[in-house]
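To start, the structure under review is shown below, and the notes come after it.
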Amino acid sequence: MKRILSVLLVLILILGMTGCGQAQTPESTDEQTSEVKDGTYEGTGVGRGGNIVVELTISNGKISDINVKEHHETSGLSDAMDIMKSDMIATNSIDVDSVSGATITSAGFRTAVKDAFAKTGADSSALVSTGTVEREKRESEYTADVIVVGAGGAGLSAAITAADNGADVIVLEKMPMPGGNTLISGGEYAAPGNWIQVKEGIEDSTEQFYNDILAGGDYENDPSLVRILAENALDGANWLKDYIGMEFEDNMLFFGGHSVERSLVPKNASGYEMISKLTAKLNEKNIPLHKNTAATELIQNQDGKVTGVKAQYGDQTITYNANKAVIMATGGFGANLDMRVKYNKDMDDSILSTNTVGSTGDGITMAEKIGAQLVDMGFIQTYPTCDTQSGSLLYVGDVRMEGRSILVNKEGHRFVEELERRDVISNAVIEQTGGVSYMFWDESAMKDSGLAVTHEAEYNGLILRKQLVKADTIGEAADFFDIDAAELKKTVEKYNQYAKDGKDLEFNKRGELVPFGEGPYYIMVSKPSVHHTMGGLKINTDANVMGTNGEVIDGLFAAGEVTGDIHGTNRLGSDAIADITVFGRIAGQNASK
Ligand SMILES: Cc1cc2nc3c(=O)[nH]c(=O)nc-3n(C[C@H](O)[C@H](O)[C@H](O)COP(=O)(O)OP(=O)(O)OC[C@H]3O[C@@H](n4cnc5c(N)ncnc54)[C@H](O)[C@@H]3O)c2cc1C
């Protein structure tokens, strides 16, 4: 007994010297424990737009809440954090799947949660997983009047219109979130005769728009489809504003290749405005949206009529029967390297892409298998001013579309008209030293455009990654990128003289020429990325998909970037959002008949 007591006494003394609290809050990972202490811990990770700061709450040894205190991710893509958060809480694990289409946001969020968890002092084995994420249960077969494949702008416009015409509709989306390229787009919309043009007294007409689209596409477009787009663009914009509830800014942008300023800008210059309002309408109309559901093949009856689609939902194969029709709205193939190279060998892996990962041309492949006609597949557009590291389109560079910047090369010279067509500028950039261009603008352009505020996260990220410099003098800005400073100063002086004289003698830049004034000055480096695939399924003016013999494929409609022959060799900026709205609505209307 005496022996037992003395052993206990020694143990008590040792524990007293060590201090119980210290074991739970170790300073180094060597001292990690296998138990998680309840409490709230803060952690930081880096997402697409900068820091993501989270507060992780542990209750009863388990993850009970994750509060995102700070983030600068694009609206819509930030939903990825909500998806991961609920998976982490459901499984009591940090190692849940990333959200496809939002890889950088997912990685930043996970790092932030891991950082917070490290502060518990426990090692990760202390989190006992409570199983896998429960997927929403699905039947093996569904039937609706109209099945829409793809929940981007075209698919959602089609679905809402079909429902408004009395059809019951199901929308399939292969990604965890709706939106596709429309979500990450600027959402700018070309509409001749729009309310801002009227207010500002800018003359425009459907005929002028029609001619611009044809000229922009080198007359390789189908004039009958262009006519439909030109004549219905304004009605589509009004539908989005008045019926869908989309809000627009008070200014317009002047996109290259247009003969007049006619491009509407949605709230915050982001496609999120369009997608969030379209999905709100979808919900209001109780149209089911089956996410994480990838259509894989079209189903036909013995007469060749399309009667549905097979889709994959995890391991489950689901049959979706369409009483009336299937609408293909799966977007383009800018993110499918094999397909790009198959149709245009110049579009290889040396060129990055602005597109979401879901833009893999699935609808084109599925429809081709049942005899659909493909058109213009080799016409792939690059966007001239993209991030040299990620390929993303740089919205801060929209200062160019405000007519307030010039593009120069390493030698400090302008080399192209800054409001030229995208393909012309891209081709010119590729010819310059290092295959990059440097966009130059001044403080008043920065302030007037408001772009450093609207796209604050992108702006800060570019500065951090040394892709954009703000400097007090032209020389200092030029030196940052090793541009010939003396030549750049001469170029700016020359441009200012052109502005004074009202004529750009070198490149005949369209629009009003505004001279550069006081510093600070800005220079941003960029290069072209694959942006838009003009080719796709051949449709007629009713949005029916055509077969290789020129016949209509019964029961199959298509709208949006999945189609071809509308933009010819080259799509003009802001024409796609008009296109997907106009043809989305036409497809919805006709599919519901
Ligand atoms: C960064 C960027 C900026 C842009 N800015 C503008 C702009 O300001 N103005 C303009 O006019 N154009 C712009 N564009 C072009 C324009 O956004 C697109 O052409 C347009 O949004 C395409 O719309 P969509 O509905 O056809 O396709 P998407 O919006 O891409 O939608 C297609 C959807 O289908 C889903 N899908 C694909 N395959 C399947 C399958 N097998 N099963 C189920 N679902 C599937 C995809 O995941 C996606 O959600 C921009 C493009 C990008 C990339």
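The values are calculated or read from the model by the stated rules, or taken from the named source; none is laboratory data. Treat the numbers as computed from the prediction; the structure is a model and nothing was measured. Because the Cβ atoms are built from the backbone with ideal geometry, glycine has one as well, and the counts that use them run over all protein chains shown. For accessibility, only protein heavy atoms count, side chains too; no ligands or nucleic acids. Shrake-Rupley method; radii C 1.70, N 1.55, O 1.52, S 1.80 Å.
Values as computed for the structure displayed
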quantity	calculated
Failed condition for Asn251, given (1) in contact with a Lys or Arg (Cβ under 7 Å, 6 or more places away or on another chain); (2) open to solvent by 10 Å² or more (accessible area, probe 1.4 Å); (3) not aliphatic (A, V, I, L, M)	(1)
Pair list, Cβ < 8 Å and 6+ apart or interchain, from the range 262-277 residues that are touching a residue at least 40 places away in the same chain (Cβ under 8 Å) to residues that are outside any loop (DSSP other than H, G, I, E, B) and among the polar types (S, T, N, Q)	Arg262/Gln197; Val265/Asn251; Asn268/Thr454; Ala269/Thr454; Gly271/Asn181; Gly271/Thr182; Met274/Thr182; Ile275/Thr182
Filter result (among the β-branched types (Val, Ile, Thr), surrounded by 21 or more Cβ atoms within 10 Å (Cβ to Cβ) and in a helix (DSSP H, G or I)) within the range 89-117	Thr105, Val113
Residue check for Ala237: buried (at least 20 other Cβ atoms within 10 Å of the Cβ) and assigned to a helix (DSSP H, G or I)	yes
Counted residues, the range 315-364 - those being in a loop (DSSP other than H, G, I, E, B), surrounded by fewer than 24 Cβ atoms within 10 Å (Cβ to Cβ) and of a type in the set (A, V, I, L, M)	5
Of the criteria (1) at pLDDT 95 or above; (2) away from the ligand (no atom under 13 Å from the Cβ); (3) crowded, with 22+ Cβ neighbours inside 10 Å, which one Met377 fails	(3)
Of all residues making up the range 450-484, the number that are open to solvent by less than 20 Å² (accessible area, probe 1.4 Å), in a helix (DSSP H, G or I) and over 19 Å from Thr74 (Cα atoms)	3
Index of the failed condition, Leu225 passing every other in (1) on the phi < 0 side of the Ramachandran plot; (2) open to solvent by 30 Å² or more (accessible area, probe 1.4 Å)	(2)
Helices (runs of 4 or more DSSP H) wholly inside the range 118-214 that include at least 2 residues being open to solvent by 10 Å² or more (accessible area, probe 1.4 Å) and more than 16 Å from the ligand (Cβ to nearest atom)	153-164, 195-200
Positions within the range 65-88 being under 13 Å from Met177 (Cβ atoms), open to solvent by 60 Å² or more (accessible area, probe 1.4 Å) and touching a residue at least 60 places away in the same chain (Cβ under 8 Å), in sequence order	Asp79
Among the residues listed as Ser140, Ser124, Ser129, Ser106, the single one being touching a Ser or Thr at 6+ places or on another chain (Cβ under 9 Å), within 26 Å of Tyr395 (Cα to Cα) and among the polar types (S, T, N, Q)	Ser106
In the range 300-313, the residues that are within 14 Å of the ligand (Cβ to nearest atom) and open to solvent by 10 Å² or more (accessible area, probe 1.4 Å)	Lys310, Gln312, Tyr313
From the options Phe480, Phe516, residue that is out of contact with any Phe, Trp or Tyr (no Cβ under 6 Å at 6 or more places or on another chain) and closer than 14 Å to Leu407 by Cα	Phe516
Given (1) within 14 Å of the ligand (Cβ to nearest atom); (2) under 22 Å from Gln381 (Cα atoms); (3) among the acidic types (Asp, Glu), number of the condition Glu220 does not satisfy	(1)
Criterion: of a type in the set (D, E, K, R), more than 16 Å from the ligand (Cβ to nearest atom) and touching a strand residue (DSSP E or B) at 6+ places or on another chain (Cβ under 7 Å) - qualifying residue of Glu506, Glu512	Glu506
Selection from the range 403-428 of residues that are open to solvent by 30 Å² or more (accessible area, probe 1.4 Å), hydrophobic (A, V, I, L, M, F, W, C) and either within 15 Å of the ligand (Cβ to nearest atom) or touching a helix residue (DSSP H, G or I) at 6+ places or on another chain (Cβ under 7 Å) (or both)	Phe415
Tally, over the range 38-65, of residues that are modelled with pLDDT of 90 or more and either within 30 Å of Gly187 (Cβ to Cβ) or charged (D, E, K, R) (or both)	9
The range 257-299, residues that are open to solvent by less than 10 Å² (accessible area, probe 1.4 Å) and more than 9 Å from the ligand (Cβ to nearest atom)	His258, Arg262, Leu264, Leu278, Leu282
Breaking point among (1) touching an Asp or Glu at 6+ places or on another chain (Cβ under 6 Å); (2) away from the ligand (no atom under 15 Å from the Cβ); (3) open to solvent by less than 30 Å² (accessible area, probe 1.4 Å), for Arg400	(2)
Output for the range 565-593, where each listed residue is within 12 Å of the ligand (Cβ to nearest atom) and part of a loop (DSSP other than H, G, I, E, B)	Ile566, His567, Arg571, Leu572, Gly573, Ser574
Test result for Val552, among the β-branched types (Val, Ile, Thr), assigned by TED's automatic domain parsing to the domain that holds Glu411 and open to solvent by 10 Å² or more (accessible area, probe 1.4 Å)	no
The lone exception for Gly502 - which of (1) over 30 Å from Arg227 (Cα atoms); (2) out of contact with any Leu (no Cβ under 7 Å at 6 or more places or on another chain); (3) open to solvent by 40 Å² or more (accessible area, probe 1.4 Å) it fails	(2)
Residue list for the range 342-366, restricted to those being more than 11 Å from the ligand (Cβ to nearest atom) and either within 24 Å of Lys305 (Cβ to Cβ) or out of contact with any Cys (no Cβ under 8 Å at 6 or more places or on another chain) (or both)	Lys342, Tyr343, Asn344, Lys345, Asp346, Met347, Asp348, Asp349, Ser350, Ile351
Where Thr563 falls short, out of the listed (1) touching a residue at least 40 places away in the same chain (Cβ under 8 Å); (2) buried (at least 24 other Cβ atoms within 10 Å of the Cβ)	(1)
In the range 517-544, the residues that are crowded, with 22+ Cβ neighbours inside 10 Å and not in a strand (DSSP E or B)	Met534, Gly535, Lys538, Ala543
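Conditions tested, residue by residue: (1) touching a residue at least 12 places away in the same chain (Cβ under 8 Å); (2) in contact with a strand residue (DSSP E or B) (Cβ under 7 Å, 6 or more places away or on another chain).
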| residue | (1), (2) |
| --- | --- |
| Asn321 | yes, yes |
| Ala329 | yes, yes |
| Asp338 | no, no |
| Thr382 | yes, yes |
| Cys386 | yes, yes |
| Ser390 | yes, no |
| Gly397 | yes, yes |
